[in-house]
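The values are calculated or read from the model by the stated rules, or taken from the named source; none is laboratory data. Keep in mind the model is a prediction, meaning the values are calculated, not measured. Positions of Cβ are backbone-derived with ideal geometry, glycine not excepted, and every protein chain shown enters the neighbour counts.
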Amino acid sequence: MLKSSDQTKLIATYFGGAFGLLQIIDILIDSLNLPPEIINYSLVAIVIGFIGILFYSFIPSIKTAKIENIKSKRYFLRLLGIIIIFTLSISNIFLFNKSNLGSIRQEAYTDGFNLIDSYLDKENFISAYEIANKYSKALPEDSLINDKLNLSSLETEINSMPDNADVFYKRIDSENWIKLGKTPLETRIPRGFINFKISKDGYADYLSLTHAGFIKNHSKSKNINYYELTPISTIPKDMVRVPGGDTRLYVSALTDLNTLNIQSYWIDKYEVTNQEFQLFIDAGGYGNEKFWHNNIKNEDGKNLSWEDAMKLFIDKSGLNGPGTWSEGTYPIGQENFPVTGLSWYEASAYAKWAGKQLPTIYHWYKAAMVWGETSIISPRSNFNGSKSEVGKYDVLSVFGCYDMAGNAREWGSNPHKNGNHSIMGGGYDDETYFFTDNFSQHPMNRYKTNGFRCAIFFDEDPILASMDTMIETYTRDFYSHNPISDELFNVYRGMFQYDSIPLNEVVLENRVNVNKVWSKQLVEIDAAYGSERLPLNVYIPNNRPPPYKTIVFVPGSNAITSRNSKNKNGNNFGYLMRSGYAFIEPIFKGTYERHYKEFNNYLQNPSKNYVNQMIMMVKDFSRAIDYVESKDELLNDVYYYGISWGGMLGPIFLANEERIECAVWQVAGLGARDMRPEANPINYLSKIKQPVLMLNGIYDQYFPHETSQMPMYDLLSVQEPYKKMITYESAHSPPKSQTSKEILKWFNHFSSLDKDETFNHR
C-alpha cells in the first residue's frame with residue numbers, strides 16, 4: 001500500500017510522462033507524416049493507464065482501511081480531485097487537438113487548396129498529391145480535401161508474385177525513393193509520371209517509368225493483377241523482361257498496323273557497347289559467314305557476295321569494324337559507349353553471334369512505350385549533344401531500359417517493302433522529337449549514330465519474331481507537293497456547296513444552367529444532305545450580355561469511337577465561355593450517335609466513303625454557321641477550333657467556308673496515307689485566307705514535328721503574323737493551362753479587328 005505522498009508523486013509523474021509522450025507523438029506525426037489518429041489512440045491508452053494507476057494506488061488502501069477512513073471526506077475529495085484534474089487535462093489535450101484540426105482545415109481551404117490547384121494546373125501531380133495527402137491524413141473525412149486527393153492521385157492495388165515485396169516510387173528528377181509498403185498493397189499513387197520500383201531479396205528489381213493509371217491497369221495474367229518478379233539467377237546478363245500481351249503501335253506511319261498479342265521477351269537494358277562488340281570481332285565475327293544475312297544488297301539494289309560485302313564493313317583504317325572505329329578497335333576510354341557507325345547487316349550478325357536477335361518494331365516500341373511518356377523521356381535523354389556512356393542519363397523506359405531515346409539510333413529487324421529497315425529512338429545529334437518517329441534507312445547505311453540493342457524471345461512467334469516479316473510504312477515528302485490550280489479548286493469546292501434551305505430548328509433540350517457562368521441547350525436542325533438532322537450542343541455565357549462571338553468546334557478522333565455525346569457539358573472549354581464566347585459542338589455525321597458502318601476509322605484512305613464523309617462534315621459545319629446567323633444573340637463572327645483529327649481537317653473547312661474569321665488547329669499535322677485529292681487537306685492549304693494558330697507538341701507520335709507539323713505550317717498560304725505555330729515540350733496533349741492562354745489571346749486579337757482588316761492579308 002502506498003502512502004498518500006507516494007500516491008501523489010506517482011500520479012504527478014504519470015501526468016508529466018503522459019504529457020511528454022503526447023508532445024513526442026505530435027512531433028513524430030509532423031516529421032514522419034504519420035496519421036494524426038495516433039493522438040486519439042494515445043489518449044485512450046493514457047486513460048486506461050490512469051485507471052490502472054488508481055487501482056494500484058488506492059484500491060489496496062480501500063481494502064485495508066477502516067470503515068471510518070473510507071468514509072473520510074478528505075480521502076474521497078482528494079481522489080475525486082485527482083480524477084477531475086486528470087479528466088480536465090485529457091479534455092484540454094483533446095480540445096487542443098480539435099482546435100489544431102480546425103486550424104489545419106482553415107489552412108487547407110485557403111493557402112493549401114490554392115497551392116494544390118497551381119500544381120494541378122502545371123500537371124505537377126506529385127507535389128499536389130503530397131500536400132493533399134498531408135491534409136487528408138489529418139482530416140480523412142473531409143470531402144473537399146478528398147476531392148483534391150482524387151484529382152492528384154489514384155487508388156490502386158499492387159500485388160506481386162511472390163508477395164511481401166517492397167514497393168517504392170520517386171520523382172523522375174529525384175534520387176530519393178519513397179516506400180509505399182509491402183505487397184499485397186492497397187495505396188494511392190500520384191497521377192502523372194513517376195519512377196516505380198518493386199524490390200525483393202533474390203529477385204531482380206522491377207523498375208519502370210510509369211503513371212498511376214498504368215499501375216492500376218497493369219496485368220500480367222487474365223484474371224490476376226500482379227507484377228511477376230524474376231529470380232536473379234534466371235535473368236540473362238543486363239537484360240530486362242517485358243511482359244507479353246496485346247501490343248499496338250502508337251507511332252506515326254505505324255498506327256494502322258494490327259494490334260497483336262506477343263509473348264513475354266527479354267531485351268537489353270542498355271545499347272550494345274563498344275566493349276561488347278569488340279568481343280564479336282575478336283571471336284572472328286566478320287570472318288564467319290554463318291552469322292551474316294544470306295542476301296546482302298548494296299544501296300543500288302545489287303546483290304553482293306559475302307566476301308565483297310565484308311570489304312565494305314571496315315573502320316577508318318580499313319580493318320573490319322564499325323565506321324567510327326580505327327585499327328580494329330574503339331576510341332580510348334569509350335569501352336562503355338554504345339557501338340555506332342554500323343549497318344543493319346553488322347547489327348544483325350552480332351545479334352546472331354550472341355544468340356539473340358534484333359527486336360521487331362513491336363518489341364522495340366513496347367519496351368520503349370512511345371506514348372505520353374515521350375515528353376518525360378526525350379528532354380532528359382541524350383539529344384543534341386555528343387555520344388555518352390550507356391546508362392549515364394538516368395532515364396528509364398516504361399519497362400526499365402536505358403537510352404531508348406537518344407544516344408544511338410537502334411536498328412530493328414523487320415524490313416520495309418522498299419528494302420529499308422526501321423531505325424528507332426534517335427541519336428545523340430538528332431532533335432528530341434526523333435524518339436517518336438519511325439525512320440527508314442537502307443540496311444547498308446553506316447551513319448555515325450547507328451547502333452542497336454538485342455532481344456531474346458521465349459516462344460518464337462512465326463509472324464512477329466521473324467526477321468523477314470515485312471512492314472509497310474506510310475511516309476511522304478509533303479514539300480514536293482504541287483498546289484492545285486484555282487480551276488481545280490473550284491471543282492472540288494463545288495462538292496461542299498448546297499442550296500439555301502430552312503433550318504427547321506427543334507429544341508431537344510431546353511436551355512439549362514450548367515453553372516453560374518454558362519448554360520447549355522441541345523437543338524436539332526436539318527442537315528444539308530438527305531433527310532438527316534444535325535444536333536448542336538450550344539453553350540451560351542451567362543456572365544455577359546449578348547450578342548456573342550461564336551466558336552464552332554471540330555473534335556478529335558475519339559468522337560468517332562464514342563457512341564454517346566449526352567454527357568457533354570462544355571467543362572473542357574469553360575475558359576472560352578468565361579471570356580464571353582458562345583461555343584457550339586455539332587454532332588457531325590460519323591461521330592457519336594451519328595456513326596455509320598461505312599465510316600468507322602479516322603485514318604485517311606482512298607475510298608469514296610472517306611470523301612463523302614468529308615463532304616458531309618463540311619456541310620454540317622456550314623449548317624452550324626447558318627444556325628449562328630439565324631440567332632440575334634449570336635454575332636456573325638465565327639471562329640474555327642479543331643483538335644487533333646479536327647485540326648488535321650482544318651484546311652478543308654477553312655478553304656471551303658469563307659464565313660470563318662480565324663482558326664486554331666491544336667495538335668494538328670498532315671497525314672501521310674493515300675487518299676483522293678478532293679479529301680486531302682494538303683490540297684487546300686494554298687487556298688486558305690484566314691489567320692491560323694497551330695499548337696503542337698514536338699514529341700507528337702501521331703503528327704511528327706519535322707515531317708508532319710512543319711510541312712503543314714510551311715505550306716499554309718497565309719503569311720506571318722497571320723499564321724503562327726507554338727510548340728510545347730509535350731506529346732499529343734500539350735498542357736491545357738498554356739494552350740488555353742494562347743487560344744484566348746488569338747481569338748481575342750482577331751475579334752478586336754474589323755473583318756476587312758482581318759482579311760487584308762489576302
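Sort through Arg544, Arg563, Arg533 and tell me the only one that's charged (D, E, K, R) and under 20 Å from Gly642 (Cα atoms).
Values: Arg544 fails: under 20 Å from Gly642 (Cα atoms); Arg533 fails: under 20 Å from Gly642 (Cα atoms).
Checking each option against the conditions leaves just Arg563.
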For segment 328-356, give me the residue count where each residue is out of contact with any helix residue (DSSP H, G or I) (no Cβ under 8 Å at 6 or more places or on another chain) and assigned to a helix (DSSP H, G or I). 5
Write out, first by first residue and then by second, each pair whose Cβ atoms fall under 8 Å of each other, whose residues are 6+ apart or on separate chains, and whose first residue, in segment 258-272, is exposed (fewer than 15 other Cβ atoms within 10 Å of the Cβ) while the second is among the hydroxyl-bearing types (Ser, Thr, Tyr). Thr259/Thr247; Asn261/Thr247
Just to verify a result, which residue in segment 287-300, among those that are surrounded by 15 or more Cβ atoms within 10 Å (Cβ to Cβ) and in contact with a helix residue (DSSP H, G or I) (Cβ under 6 Å, 6 or more places away or on another chain), is farthest from Phe434 (Cα to Cα)? Phe291
Scan segment 468-476 and give yes if some residue there is under 30 Å from Ala679 (Cα atoms), surrounded by fewer than 19 Cβ atoms within 10 Å (Cβ to Cβ) and either modelled with pLDDT of 75 or more or in contact with a Leu (Cβ under 6 Å, 6 or more places away or on another chain) (or both), otherwise no. yes
Of (1) within 22 Å of Tyr728 (Cβ to Cβ); (2) surrounded by fewer than 23 Cβ atoms within 10 Å (Cβ to Cβ); (3) in contact (Cβ under 8 Å) with a residue 40 or more places away in the chain, Ser378 satisfies all except one. Which? (2)
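I'd like the full set of residues that are of a type in the set (Val, Ile, Thr) and within 11 Å of Gly669 (Cα to Cα), limited to segment 696-736. Spell out how you get there, then give the answer.
Looking only at segment 696-736, we keep the residues that are of a type in the set (Val, Ile, Thr), and these are 698, 707, 718, 726-727.
Thr707 - this is the single residue of segment 696-736 that is of a type in the set (Val, Ile, Thr) and within 11 Å of Gly669 (Cα to Cα).
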Report, by residue number, each residue of segment 174-201 that is on the phi < 0 side of the Ramachandran plot, in contact (Cβ under 8 Å) with a residue 40 or more places away in the chain and within 22 Å of the chain's Cα centre (by Cα). Arg188, Pro190, Arg191, Phe193, Ile194, Asn195, Ile198
Could you check segment 531-593 for strands (runs of 3 or more DSSP E) lying wholly inside it with 3 or more residues that are at pLDDT below 95 and touching a Phe, Trp or Tyr at 6+ places or on another chain (Cβ under 7 Å)? none
When you go through (1) closer than 19 Å to Phe653 by Cβ; (2) crowded, with 21+ Cβ neighbours inside 10 Å; (3) not aromatic (Phe, Trp, Tyr) one by one for Ile540, which number turns out not to apply? (1)
If we ask which residues in segment 139-161 are surrounded by fewer than 23 Cβ atoms within 10 Å (Cβ to Cβ), more than 22 Å from the chain's Cα centre (by Cα) and part of a helix (DSSP H, G or I), their number turns out to be 3
What number goes with the only condition from (1) farther than 22 Å from Arg241 by Cα; (2) in a strand (DSSP E or B); (3) within 28 Å of the chain's Cα centre (by Cα) that Asn414 does not pass? (1)
